[in-house]
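Structure, as structure tokens:
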Amino acid sequence: MRRNKSYTGIDFARFVFALLIIAIHTSPLASFNETGDFILARVIARTGVPFFFMVSGFFLVTEYTCGNSRLISFIKKTVVIYIVAILIYIPVNIYNGYFSMDNLLPAIIKDIIFDGTLYHLWYLPASITGAAIAWYLVKEQGFKKALIIAAILYITGLFGDSYYGISEKIPVLKNFYIQLFLITDYTRNGIFFAPVFFILGGYIAENKNRLSFGKNLSGFMAGFLLMLTEALILHRFKLQRHDSMYIFLLPCMYFLFKLLLFFKGKRLINIRTLSLVIYIMHPMIIVIIRMCSKFLHIQKIIIENSLVYYSATCISSIIFSISVLALYNRYKPFKEKHNTEKDRAYIEINLDNLLYNVKALQKILPEKCKLMAVVKAEAYGHGSFGISTHLARMGVEAFATATIDEAIRLRGYGIKGEILVLGYTDIRRAYELKKYNIIQTITDLNYAEALNRQGIHVKAHIKIDTGMHRLGIGADNTEAVKKAFNMENIEMCGMYTHLCCADSLEAEDILYTRKQINSFYGLADTLEKGGIKVPKLHIQSSYGMLNYPGLDADYARAGIALYGVLSSPEDKTVTTLGLKPVLCLKSKVILVRELKKGENAGYGRAFTAERDCRIAIVPAGYADGIPRSLSCGRGSVLIKGRLAPVAGRVCMDQMAIDITDIEGVNTGDIVTIIGTENSGTGAAEVASCSGSISNELLSRMGTRLPVVFS
Ligand SMILES: *Cc1c(COP(=O)(O)O)cnc(C)c1O
């Protein structure tokens, strides 16, 4: 799910696959056994390039993106490598007579875009095209459709590659491929070959189905044996025009890649660069080895024995690449690794806790009841992009926002599930509701009529007022509800109500809530008896789920509970799930100052030292969401595991804390402003100190805070 872990297996495999690719160009077993060589160089070694495409896809391709900056930076990097590689190989091109071709300019353009200016360089343009196609397919269509489209492209490629012998016998196909080969020499390029592997890589990263090591191993072995059989048959019947593409290469690579993910540990960054240099440079090494052995008259020993030739190429390539790497590491511009996001104040999101809360809440819901994640107000200050995309990866399929713009932003991030706007939307935006497939809340009958008059088909959930008296049509106003259900342009796919005191365990409030729930179900019954098909129903928000679990509904709208906190620290709930807070607000000490007894600090001289004391300045203030009402000791922060009271007034961008009683506080020490519950800095506790509830505290978290994931 997160891709910042260290994939040792993948890193190590890069090296092995780079050596396998050398086998394609040197045929290691050629002097011993033709079939053996075919199996090694034309079947096994053919896994190399798909593997590299998958690695790139693994880190790049996702349904959930905020802009295309990662794609652009991948393409930029690859273009630079490609240009350098083209320049390096110009002498070889000259030697080969490349520049004396007929129609030189069209040929060069074709090579640069598709085939590479030297045989192995096709990989780089294919990476660029393949990445772009895969990225847009997945972003626009989601993984399933993207995989189908890429598979169709792959099959098209297959019949111009390993299966060309069949296409040749069918005139239409033959014609098609003859035309195609005028544009590109092979079908194993960025259009037909690469996209499917990029998408598979991204798909695996989303971690959608987890199989055991053993199952993956069996899958890989089966895939490999089938591919081998396929290749030998095609070879035997001389059907191959080229031998890069096999049907069973796909399952073989899928399971192999998943197997490699089981090996985690140290990051092997040097191996990544090493394998790239080996890939780019080995043909040059081949040329040099050939020239040297000719010059030294040792062709018999080096070139004629294919295994010696292969080994010599591998060893020289490795030595050369290590030298390049050593030089590069020595002279590369010095860049200290520095995470600028944590410079000042930041929000730290714990995704494991988010997953825990999702699972815990799902567990108390009846089977058919889906969790609807409420991600309004930047996901209660947690950052809508990170929270909603990770929730989608965790399998959440329904979302709710307060406004249409929040909903449209979710679509931009790649959220494909249902999105319900809980609040008011101007009817003039009906077109956008339709365009982005957003569900609108019907707030009353007038609104329904006005929306209907727009003449645009929109999906909606009708809100029923059962006692909150905010939005919704009264539960006893059956006629109005029926009218709303019968509007030709409104597809009423849901009906819901909101409980107004479900957080209270006072007898009177419980009675009131029960009445709300009963009148909602009563209305549903009346509608059904009146011949109206009752749509999806939902009632509970967080406290509704915790205090009235097991209600028969199709959704439960989880907000604050999803983020792992209660509204107030003294709240008790019927079910306790051990929910874990997802957010921490942290900052650090930037300066420590001594104050003599009687000296003041901050605006209005609000802090006066009652004794000689020390204060620390923390660069976070009310513009970051820290309530100003925590000033003058009403709030505290956590430092070195101890609570330090706020000294004086919270400013817009900074505050002071009294650290007189805490030993050894230094510049750079981490300060937790909002942290775990019962630490004195839990969201509900901090909110309570400021006279509010955690919902308000969190949703007012300043937008200038960077969000980091732990
Ligand atoms: C905000 C909101 C919710 C979520 O409430 P929590 O108490 O945070 O779970 C649910 N339903 C409606 C209508 C809301 O406006």
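The values are calculated or read from the model by the stated rules, or taken from the named source; none is laboratory data. Given the structure is predicted, the values throughout are model-derived calculations rather than measurements. Please note: Cβ atoms are built from the backbone with ideal geometry, for glycine as well, and neighbour counts cover all protein chains shown.
Tabulated data
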| read-out | value |
| --- | --- |
| Residue check for residue 134: crowded, with 21+ Cβ neighbours inside 10 Å and closer than 28 Å to residue 283 by Cβ | yes |
| Count of residues meeting criterion [touching a residue at least 12 places away in the same chain (Cβ under 8 Å) and not acidic (Asp, Glu)] in region 56-83 | 18 |
| One residue from 325, 307 being surrounded by 14 or more Cβ atoms within 10 Å (Cβ to Cβ) and under 34 Å from the mean Cα position of the chain (by Cα) | 325 |
| Enumeration of residues in region 607-648 that are assigned to a loop (DSSP other than H, G, I, E, B) and surrounded by fewer than 21 Cβ atoms within 10 Å (Cβ to Cβ) | 609, 610, 611, 612, 619, 621, 627, 632, 633, 634, 640, 641 |
| Residues being crowded, with 23+ Cβ neighbours inside 10 Å and either in contact with a helix residue (DSSP H, G or I) (Cβ under 8 Å, 6 or more places away or on another chain) or at pLDDT below 95 (or both) - total across region 440-483 | 11 |
| Filter result for residue 701 (assigned to a loop (DSSP other than H, G, I, E, B) and within 16 Å of the ligand (Cβ to nearest atom)) | yes |
| Those residues of region 527-566 which are touching a residue at least 60 places away in the same chain (Cβ under 8 Å) and more than 16 Å from the ligand (Cβ to nearest atom), in sequence order | 535, 550, 552 |
| Entirely in region 431-514, the strands (runs of 3 or more DSSP E) that have 1 or more residues that are away from the ligand (no atom under 15 Å from the Cβ) | 458-465, 490-497 |
| Residue within region 197-216 that is in a loop (DSSP other than H, G, I, E, B), over 19 Å from residue 252 (Cβ atoms) and small (Gly, Ala, Ser) present | no |
| Members of region 575-598 found to be closer than 23 Å to residue 677 by Cα, away from the ligand (no atom under 15 Å from the Cβ) and not charged (D, E, K, R), listed by number | 576, 578, 584, 585, 587, 589 |
| Residue match in region 338-355 (condition: within 21 Å of residue 704 (Cβ to Cβ), within 16 Å of the ligand (Cβ to nearest atom) and in contact with a helix residue (DSSP H, G or I) (Cβ under 8 Å, 6 or more places away or on another chain)) | no |
| Odd one out for residue 350 among (1) modelled with pLDDT of 95 or more; (2) buried (at least 19 other Cβ atoms within 10 Å of the Cβ) | (2) |
| Any hit, region 522-531, residues being touching a Leu at 6+ places or on another chain (Cβ under 9 Å), farther than 26 Å from residue 697 by Cα and part of a helix (DSSP H, G or I) | yes |
| Among (1) within 18 Å of the chain's Cα centre (by Cα); (2) more than 20 Å from residue 139 (Cβ to Cβ), the one test that residue 410 misses | (2) |
| Checking residue 312 against (1) in a loop (DSSP other than H, G, I, E, B); (2) away from the ligand (no atom under 16 Å from the Cβ); (3) crowded, with 17+ Cβ neighbours inside 10 Å, the condition it does not meet | (1) |
| The lone exception for residue 303 - which of (1) farther than 19 Å from residue 17 by Cα; (2) in contact (Cβ under 8 Å) with a residue 40 or more places away in the chain; (3) away from the ligand (no atom under 16 Å from the Cβ) it fails | (2) |
| Subset of region 649-685 (residues that are within 30 Å of residue 579 (Cβ to Cβ) and not in a loop (DSSP other than H, G, I, E, B)) | 655, 657, 670, 671, 672, 673, 674, 675, 682, 683, 684, 685 |
| Number of the exception - residue 87 against (1) under 24 Å from residue 291 (Cα atoms); (2) surrounded by fewer than 14 Cβ atoms within 10 Å (Cβ to Cβ); (3) in contact (Cβ under 8 Å) with a residue 12 or more places away in the chain | (3) |
| Selection count where residues are touching a residue at least 60 places away in the same chain (Cβ under 8 Å) and either assigned to a helix (DSSP H, G or I) or closer than 18 Å to residue 16 by Cα (or both), scope region 245-257 | 6 |
| Long-range neighbours under 7 Å by Cβ, at least six apart or interchain, first residue at negative phi and assigned to a helix (DSSP H, G or I) within region 144-162, second buried (at least 21 other Cβ atoms within 10 Å of the Cβ) and charged (D, E, K, R) | 157/188 |
